[in-house]
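One structure is given below, encoded as structure tokens.
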């Protein structure tokens, strides 16, 4: 059995960390998670915006649905950022950093309720694709905690996307 190279990543405290993942793989996984964090935070903000601004006959049901979705996304950004930190990398925390990395576009103006639902359904699937793109990196590095997080995120976003699409009829 070949001996793996020494992993001597420096944590924020300056001490070396050895997670059993090569430094290059660890950094690559953290970069992928940073893209997922950017997508998730951008979707959180958009969903919260739509929650505040939705109008029309479906106001109450959409207002409540969006609230549940942005609340779940708020918890998710913390989990993703903490996984990045556990990998020994800094978690991004600015709008400008998220804007550079996110595949989720900001909403222009205040769309009609039906358009909000369509946009959010598409964005949920975009987050699934981002999470799925990181999965091979975690798998190749035997990074089970990241793979577990990605699996959970994909499951949530796939289900939420389905629920939004079902709302459109």
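No value in this document is a laboratory result; all are computed from the given coordinates. Note that the coordinates shown come from a computational prediction; the quantities given were computed from them, not determined experimentally. Reconstructed Cβ throughout: ideal geometry from the backbone, glycine too, with neighbour counts over all protein chains shown.
Its alpha carbons considered, region 42-111 gives a radius of gyration followed by a Dmax of 14.3, 48 Å. Available extension along the chain between residue 63 and residue 151 is 28.9 nm, counting 0.36 nm per residue and deducting the alpha carbon span. Structural size metrics of the chain, computed from C-alpha coordinates, are Rg and Dmax of 17.9, 65 Å.
Exposure proxy for 168, 154, 116: other Cβ atoms within 10 Å of each Cβ, ordered fewest to most, give 168, 154, 116. Taking 56, 93, 20 in turn, the Gaussian network model of the chain (Cα-Cα springs below 10 Å) assigns the largest fluctuation to 56.
Which residues does the label zone of residue 19 cover in region 130-153, counting backbone N under 17 Å from a point 7 Å along Cα→Cβ? Residues 131-153 qualify, since their backbone N sits under 17 Å from the label point.
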